[in-house]
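Any read-out appearing in this document is the output of simple, stated calculations on the displayed coordinates, not a laboratory observation. Please read these numbers as outputs of a predicted model, since none were measured by experiment. Don't worry about glycine lacking a Cβ; one is built from the backbone with ideal geometry, like all the others, and counts go over all protein chains shown.
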Amino acid sequence: MHKIKVLGRKYFVKPIVYILVKVKIPPNIVTLMSLLLGIVAFLFYWQGAFWAGAIFLFLCGIFDTFDGEIARQTNRVTKIGGFLDSTVDRINEFLIYLGLFLYYYTHESYALFWVFFAMFGSMMVSYTRARGEGLGISPQVGVFERFTRFLLLIIGSLLGPNLMIYVLVILTFGTTQTMIQRIIYTHKKSLKN
């Protein structure tokens with residue numbers, strides 16, 4: 001996954017960020033664009049157009065990458081910008097799961113269990129990292145970081161609503177494992193300090 005991220009940043013993100021920097025688009029505007037794309041993705045998932053949801057989820061994730069790069073390249077890295085970015089990330093992730101929940105509620109109600117627990121796991125992966133960092137520890141361990149979760153959701157979306165349920169099962173167990181890894185890592189590091 002790391003190699004994919006590095007290649008994507010080099011050949012896709014940086015050239016587009018270069019253009020965005022040249023036209024002087026502020027990073028916080030890009031963050032809010034990410035939120036708008038997340039809302040559109042939510043609407044498509046709710047309506048069962050998973051392929052369209054995947055496109056907007058992809059764009060949402062890309063815009064989320066752009067804002068940080070723009071901030072770094074223009075020396076506009078601020079605490080409020082980081083706070084806004086993290087907050088919008090959580091809102092976007094919630095919106096995707098809400099769209100899935102509303103779709104499966106009327107089509108495959110047994111899938112609601114997996115939607116709920118995949119969302120819980122995703123939120124806890126982010127939360128355990130944030131709380132660890134609040135203690136001065138950076139628990140960036142585990143495979144199911146945000147990039148992996150979004151990639152799996154996009155793949156599941158392209159496979160369609162029936163196969164997406166299996167992706168939600170994978171996300172449930174994967175995020176739970178990553179959450180536990182981060183709790184153990186933070187606990188061990190805190191004992192050393």
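Key figures for this structure:
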| read-out | value |
| --- | --- |
| Hull shadow area, averaged, the chain [alpha-carbon convex hull, nm²] | 11.0 nm² |
| Structure-based [θ]222 nm, the chain - -39500 (n - 2.57) summed over DSSP H runs of at least 4, per residue, nearest 500 | -28500 deg cm²/dmol |
| Farthest positive-ward along the chain dipole, Cα basis, beta-carbon charges - from Thr176, Val125, Leu191 | Leu191 |
| Dipole moment magnitude, nearest 20 debye, segment 35-193 about Cα centre, only Lys, Arg, Asp, Glu C-beta charged | 660 debye |
| Contact order relative to length of the chain, as percent, for alpha carbon pairs under 8 angstrom and 6 or more apart | 22 percent |
| Two-site label geometry, His107 and Ser138: point separation in nm, points 7 Å out along Cα→Cβ | 4.0 nm |
| Positive-end residue of Gly68, Ile165, Leu153, charge dipole of the chain with Cβ unit charges | Gly68 |
